[in-house]
Amino acid sequence: KAGVTQTPRYLIKTRGQQVTLSCSPISGHRSVSWYQQTPGQGLQFLFEYFSETQRNKGNFPGRFSGRQFSNSRSEMNVSTLELGDSALYLCASSLQGRSGEAFFGQGTRLTVV
Amino acid sequence: TQLLEQSPQFLSIQEGENLTVYCNSSSVFSSLQWYRQEPGEGPVLLVTVVTGGEVKKLKRLTFQFGDARKDSSLHITAAQTGDTGLYLCAGDHTGNQFYFGTGTSLTVIP
C-alpha cells in the first residue's frame, strides 16, 4: 500500500510569509502527527490529529497550527515565518496514534530566508 | 532537558566492526521504538520493544529493552556501509505523544 506522502518536498519562503504543508497518511490510518527536525534540537513534536481533532500539542508558539480533514489528510500552517523555522517538517501516520507504531513521510524541507 | 538521551551522539567505525548505541531515560516507557533515518528522508521504523528485558533480533541488529523499561540498546554486528544513518529511539511516556531521543549519527567507513 502507498506510504505517507508529504508535499511539497522543498520550499523556500521569506521571513514574515506564511506556509502550508500537506500530509496524506497511509490509507486507514486515522492519526497524523507533525514533527520539526533541526540539527540542534532533533525531532520535536508539534501536534497530533486524530479523526479531525487535535489530540495533543507540543510546546510550539501559536504561529504553528494544523488541521485534519475527514479523509485523514492533514495540513500544517506556519504564519509569520522566522529564520528559525527553517527545518525538516515530518509527518507521521499511525492507526491509533500515541503508542502505536508511526510511519513517516519523506518530509518537507522548509528554508526561510 | 531531553526525556530520552542517546549515546554516543556521533559514531564513526570501520566496516566489519561491532557497535552499541544506548537510549536512556529516568522515566518508564510503555514501549520503545528504534528508527533509522537517512539524509533527506523520514525515519523508518526498525523495531518496537514492549516487555522489560525483551530482546529482539533483526538480522545483524539486536535490540534490548531494559528490565525497568527506562532504557534500551541497539547492537550492530559486523557493520556495513548501508548501516550509515541517524538512529533514533522513541517512546510513549505519558500515553499522549511520542518522545524522540537525541539521536546517534553513525558513519560506517568502507
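Here are the numbers for the structure shown:
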item: Protein-protein interface of region B:63-110, residues with accessible area decrease of at least 20 Å², isolated chain reference, 1.4 Å probe; result: B:D92, B:G95, B:N96, B:Q97, B:F98, B:F100
item: Compactness of region A:24-81, expressed as Rg and Dmax over alpha-carbon positions, Å; result: 11.7, 35
item: Chains B and A together, accessible area buried on both sides, 1.4 angstrom probe, square angstrom; result: 1600
item: Principal semi-axes in Å for chain A [√(5λ), Cα gyration tensor, largest first]; result: 22, 14, 13
item: Whole-percent carbon and sulfur share, accessible surface of chain B, 1.4 Å; result: 50
item: At least 40 Å² accessible surface lost relative to isolated chain, residues of region A:66-113 (1.4 Å probe); result: A:R98, A:S99, A:E101, A:A102, A:F104, A:Q106
item: In order through region A:16-27: 3J(HN,Hα) via Karplus (6.51 cos²θ - 1.76 cosθ + 1.60), integer Hz, x for Gly, Pro; result: x, 6, 10, 9, 10, 10, 10, 9, 10, x, 5, 3
item: Per residue, in Å², the accessible surface of the protein assembly as shown once ligands and nucleic acids are set aside, probe 1.4 Å; result: 47
item: Dimensionless Rg/Rh of chain B - Kirkwood Rh, Rg from C-alpha atoms; result: 0.95
item: Surface share of carbon and sulfur [accessible, 1.4 angstrom probe, percent] for chain A; result: 47
item: Bins of 10 Å from zero: percent of alpha-carbon pairs in the protein assembly as shown; result: 8, 33, 35, 19, 4, 0
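The values are calculated or read from the model by the stated rules, or taken from the named source; none is laboratory data. All values reported here derive from a predicted model rather than from experimental measurement. These accessible areas exclude ligands, DNA and RNA; they are computed on the full protein's heavy atoms, side chains included. Shrake-Rupley method; radii C 1.70, N 1.55, O 1.52, S 1.80 Å.
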